[in-house]
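Have a look at the structure below, then the notes.
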Amino acid sequence: SMNLVLSMAAFALAASLSPGPVNLVALGAGARRVDTKTGAADLVTDIDREIETRVREVLTAAFPDHRIVGEEHGTSGPESSWSWHCDPVDGTTNFAAGLPFCSFSLCLAHEGRPVVGVVVDYGTGQIVDAVAGGGVRVDGR
C-alpha cells in the first residue's frame, strides 16, 4: 500500500539523516579534501562518500531485499523490483566551495517507477518529500 511505501521512505530518510547530512555539513565541507572522479570533472568530497555510506548501511539493514543505486558507490543489493537511488550531495562544486546551494536526494522506485522522493536543502535544512499521486510536503506539511 502507499502507506507502507511512505513509512518505508520516512524511516529511511530519518535514519539516513542521523547523524545526517545537515549535521555533517556543519563540520565545514569547504575545508575538506576534494578530488576528481575518474573520467569526470565532477568534484567529490569525503563527506559525499560518508553520507552515501551511511545511507547504504541504513537501507541495507532495513530493506535487505532492495537494490541500492548511489552516485558514489554504484549499485548493490539483490535483483529487486524495489530500488533506492541516492545522490548524497547534488551540487558538489558548490558544496566543495562552501556555498549553500546543494542538496541530498533519495528516491524509492518500484519496477522502475519513482514512488517516493525526498530532497534535503543543505543551505536551509528544509526537507521536501513527495509520493506518486499523493502530492508534495515541505518539512512534513
**Study point:** Exposure of D65 as accessible area (Å², to 10), given a probe of 1.4 Å and all protein chains
**Key:** 90
Review point. Got a number for carbon plus sulfur as a percent of the stretch 49-104's accessible area, 1.4 Å probe?
Key: 53
Check your understanding: On average, how much accessible surface per residue is there in the stretch 56-141, in Å², for a 1.4 Å probe, leaving out ligands, DNA and RNA?
Key -> 51
Review point. In the stretch 67-141, which chymotrypsin sites (Phe, Trp or Tyr not before Pro) fall in coil by DSSP and have 13 or fewer other Cβ atoms within 10 Å?
Key: F101
Check your understanding: Length gain on complete extension for the stretch V128 to E79, per 0.36 nm per residue less the alpha carbon to alpha carbon distance?
Key -> 14.8 nm
Revision key, fill the gap. Taking only protein heavy atoms and a 1.4 Å probe, the highest-to-lowest accessible-area order of D46, D90 is D90, D46
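The values are calculated or read from the model by the stated rules, or taken from the named source; none is laboratory data. Computed from a predicted model, the values in this text were never measured in an experiment. Positions of Cβ are backbone-derived with ideal geometry, glycine not excepted, and every protein chain shown enters the neighbour counts. Remember, those area values only see protein heavy atoms, side chains included, never the ligands or the DNA or RNA. Shrake-Rupley method; radii C 1.70, N 1.55, O 1.52, S 1.80 Å.
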